[in-house]
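Engineer: Here it is: the structure, laid out below.
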Amino acid sequence: MKTTRFAQQSSADISQEGSIARSEELIAELESSDFVVIGTPMHNFTVPSALKAWIDHVVRVRRTFNVTKEGKVGRLRDRPVFVAVSSGGRFSGERARQPDFLTPYLKAVLGTIGLHDLTLSSPFKEQAPDPDCRSCRPEPRQIEPCKSTLRRLAPRSVSGVLPPPSAAALPQTSASPGW
């Protein structure tokens, strides 16, 4: 009787020409950045597939997080993460018109790799206060200082998920939809 076992491969078992090389590229970019800027729409109450593909490339066990008896521990240095979300309606607060799975997902997945300093902004003013996630809608008088800060920081290393990776840049696997 033949038994087949499936286990996660070590990086030595994976061709450097495949998705592990792309993953290493994206992780290196993230490690060298001073802050991260993510601009994303909310699709079907959560993150769109292009952002999910980026997340799947940078969230890797034994590379960007370790699994311990106490749970998952991020290996990346914490840095500010700015997330701008667009949606078809209000998704938080008392007058929310749709569920929000995007915010808790990003908070959890980025926290898994060590990124906890998350700032969320949305075009909708009414947002639920969360002590672990600074949520805001910048008023016009607040926009200039934000632009000024980004201009000051921009010459340094920035990792961003805008624009999303093109389909051609993503490795094709048997699990890929084949854009």
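Engineer: Regarding Glu31, is this residue surrounded by 15 or more Cβ atoms within 10 Å (Cβ to Cβ), out of contact with any Gly (no Cβ under 9 Å at 6 or more places or on another chain) and among the acidic types (Asp, Glu)?
Structural biologist: yes
Engineer: Counting just the residues of the range 105-135 that are basic (Lys, Arg) and either assigned to a loop (DSSP other than H, G, I, E, B) or modelled with pLDDT of 50 or more (or both), which one comes out farthest from Glu94 (Cα to Cα)?
Structural biologist: Within the range 105-135, the match that is farthest from Glu94 (Cα to Cα) is Lys107.
Residue-by-condition table, conditions (1) under 29 Å from Pro123 (Cα atoms); (2) crowded, with 17+ Cβ neighbours inside 10 Å:
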residue: Ser23; (1), (2): no, yes
residue: Arg60; (1), (2): no, yes
residue: Val81; (1), (2): yes, yes
residue: Gly89; (1), (2): yes, no
residue: Pro104; (1), (2): yes, no
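Engineer: Name the residue that is surrounded by the fewest Cβ atoms within 10 Å (Cβ to Cβ), counting only residues in the range 35-50 that are of a type in the set (A, V, I, L, M, F, W, C) and more than 24 Å from Leu76 (Cα to Cα).
Structural biologist: Only one residue tops the list, namely Phe45.
Engineer: Please state which one of Leu102, Leu76, Leu150, Leu170 is at pLDDT below 80 and under 21 Å from Leu26 (Cβ atoms).
Structural biologist: It is Leu170.
Engineer: Being touching an Asp or Glu at 6+ places or on another chain (Cβ under 6 Å) and either part of a helix (DSSP H, G or I) or within 18 Å of Asn44 (Cα to Cα) (or both) is the filter here; which residues of the range 72-104 pass it?
Structural biologist: Phe91, Ser92
Engineer: Given the options Arg75, Arg79, Arg62, name the one that is within 27 Å of Ile20 (Cα to Cα), free of Cβ contacts under 8 Å to residues at least 24 places away in the same chain and out of contact with any Pro (no Cβ under 9 Å at 6 or more places or on another chain).
Structural biologist: Being within 27 Å of Ile20 (Cα to Cα), free of Cβ contacts under 8 Å to residues at least 24 places away in the same chain and out of contact with any Pro (no Cβ under 9 Å at 6 or more places or on another chain) holds for just one of Arg75, Arg79, Arg62, which is Arg62.
Engineer: Condition first: in a strand (DSSP E or B) and either out of contact with any Lys or Arg (no Cβ under 9 Å at 6 or more places or on another chain) or closer than 13 Å to Thr103 by Cα (or both). Now tell me which residues in the range 28-68 satisfy that.
Structural biologist: Selection gives Val37, Ile38, Gly39, Thr40, Pro41, His43, Thr46, Val67, Thr68.
Engineer: From (1) in a loop (DSSP other than H, G, I, E, B); (2) at pLDDT below 95; (3) exposed (fewer than 12 other Cβ atoms within 10 Å of the Cβ), pick out the condition that doesn't hold for Ala12.
Structural biologist: So Ala12 meets the others, but not (1).
The values are calculated or read from the model by the stated rules, or taken from the named source; none is laboratory data. Source: prediction; values computed, not measured. Every residue, glycine among them, receives a Cβ derived from its backbone with ideal geometry; neighbour counts consider all protein chains shown.
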